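> The structure that follows is given in the form of structure tokens.
The values are calculated or read from the model by the stated rules, or taken from the named source; none is laboratory data. The model shown is predicted, which means the values in this text are computed figures rather than measured ones. Cβ atoms come from the backbone with ideal geometry, glycine included; neighbour counts cover every protein chain shown. To get the accessible areas, we keep the full protein, side chains included, count just its heavy atoms, and leave off ligands, DNA and RNA. Shrake-Rupley method; radii C 1.70, N 1.55, O 1.52, S 1.80 Å.
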Amino acid sequence: MNNIITDNTAGALRQYLSEGLAAIYDEREASNIISELFQHFLSWSRSDLALNQDQKVSESELLKFHFALKKLHSGEPLQYVLGKCFFYGHQFNVNPSVLIPRPETEELVDSILKTEKRTAPAILDIGTGSGCIAISLKLAKPIARVTGIDISEEALKTAAENAAMLDANVDFRNLNILNEIPEGKFDIIVSNPPYIPHSDKVEMRSQVLKHEPWVALFVEDDDALLFYRRILQLSKVLLNPGGSLWFEIHEDKKEELEHLMMAEHINKATFIKDMQGKERMLHIRFE
């Protein structure tokens with residue numbers, strides 16, 4: 001590292017990172033990333049970094065920063081580089097076996113909690129991934145019975161680690177929703193299923209395409225509503241009377257979803273806009 005950084009000070013390291021990130025991030029985003037790296041590897045705040053420019057950094061710590069920079073240059077998202085992200089006020093472990101939770105999904109959780117007044121509902125999270133939805137709902141409703149299912153055993157391992165870390169008692173199960181039926185009855189079913197057509201790949205960032213799990217993102221172009229249809233049909237069997245189904249949806253699929261609900265004789269549905277004014281959530285109430 002000595003031939004890469006002029007000296008082993010925090011100031012020189014900061015300059016090295018700034019120069020290395022300049023090619024892939026704008027100045028503001030690069031500054032935020034540098035702050036997160038210092039917080040992650042050294043437990044330094046922004047003010048610590050500003051006040052300790054001359055403090056020496058060990059060779060082993062320098063190497064951690066260097067390899068993190070290499071991963072960022074390869075297109076790996078910062079959350080995977082750090083192995084963590086924050087969702088609805090809690091820290092979650094993330095890795096390439098699970099999607100990085102998005103702000104829209106936080107809004108979905110928030111909408112559920114603001115709407116659903118039961119204190120002890122039975123909740124099913126379909127396609128749980130990192131467990132961020134299931135765990136966040138459990139933490140907000142401690143006496144709820146929460147189940148999370150996923151087809152990926154690696155994702156379920158990550159979800160279980162997150163639940164243990166956050167002391168959330170969630171029942172995670174390996175299940176393929178397309179050809180299996182979960183056991184039990186529920187008051188709330190929630191899902192952020194795969195909904196991006198393969199044809200949309202050309203418009204997506206390489207960071208997502210190269211690093212995030214395709215099984216959690218994409219569906220075939222000729223049946224983009226495959227998971228919505230299946231979950232709608234299962235909800236008629238799995239939901240208790242008065243139960244609710246909550247979806248995160250593709251912003252361009254409202255009309256197709258309306259046709260699907262007509263075909264399934266669903267008439268109590270509400271599309272909900274996210275903070276950007278896009279219709280990204282769907283709430284269906286069953287009698």
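> Can you compute the charge dipole magnitude of the chain about its Cα centre, using +1 on each Lys and Arg Cβ and -1 on each Asp and Glu Cβ, nothing else charged? Give it in debye, rounded to the nearest 20. Don't skip to the end; give the middle numbers.
Working: 31 positive and 43 negative charges, 148 e Å.
About 720 debye.
> Once fully extended, how much extra length lies between Leu166 and Glu264, figured as 0.36 nm per residue of separation less the alpha-carbon to alpha-carbon distance?
Values: separation 98, 0.36 × 98 = 35.28 nm, distance 3.83 nm.
Extra length from Leu166 to Glu264 when fully extended: 31.5 nm.
> I need to check one value: relative contact order of region 130-170, counting alpha carbon pairs closer than 8 Å and at least 6 residues apart, in percent.
It comes to 54 percent, rounded to a whole number.
> With a 1.4 Å probe and all protein chains kept in place, how do Glu104, Glu248, Glu154 rank by accessible area, largest first?
Of Glu104, Glu248, Glu154, the descending order of accessible area is Glu154, Glu104, Glu248.
> Quick one: which of 255-261, 271-277 comes out on top by average Cβ neighbours within 10 Å, and what's the full order, highest first?
255-261, 271-277
> Take Asp252, Asp7 and sort them by solvent-accessible surface of the protein heavy atoms, 1.4 Å probe, largest at the top.
On the way: Asp252 110, Asp7 55 Å².
Ranking Asp252, Asp7 by accessible area, largest first, yields Asp252, Asp7.
> More than 25 Å apart: what percent of Cα pairs in the chain qualify?
53 percent
> Continuing with the same structure: Calculate the dipole size of region 1-139 relative to its Cα centre from +1 charges on Lys and Arg beta carbons and -1 charges on Asp and Glu beta carbons; express the result in debye to the nearest 20.
On the way: 13 positive and 17 negative charges, 87 e Å.
Magnitude of the dipole: close to 420 debye.
> Also, I was wondering about something else. Can you give me the Cα centroid spacing of region 102-154 and region 59-93 in angstrom?
Cα centres, region 102-154 to region 59-93: 26 Å.
> Take Phe286, Phe67, Phe38 and sort them by solvent-accessible surface of the protein heavy atoms, 1.4 Å probe, largest at the top. Let's see the in-between values first.
On the way: Phe286 30, Phe67 110, Phe38 0 Å².
Accessible-area ranking of Phe286, Phe67, Phe38, largest first: Phe67, Phe286, Phe38.
> Mean separation of Cα pairs under 8 Å and 6+ residues apart, divided by the residue count of the chain: what relative contact order is that in percent?
Values: 442 pairs, mean separation 39.4, N = 287.
This gives 14 percent for the chain.
> Please calculate the 1.4 Å probe accessible area of Val57, with all protein chains present, and give it to the nearest 10 Å².
10 Å²
> Determine the alpha carbon to alpha carbon distance for each of Lys70/Lys253; Lys138/Lys236; Lys114/Lys268 and list only those over 28 Å. If you can, show how the numbers build up before the last one.
On the way: Lys70/Lys253 38 Å; Lys138/Lys236 23 Å; Lys114/Lys268 18 Å.
In this structure, Lys70/Lys253 exceed 28 Å between Cα atoms.
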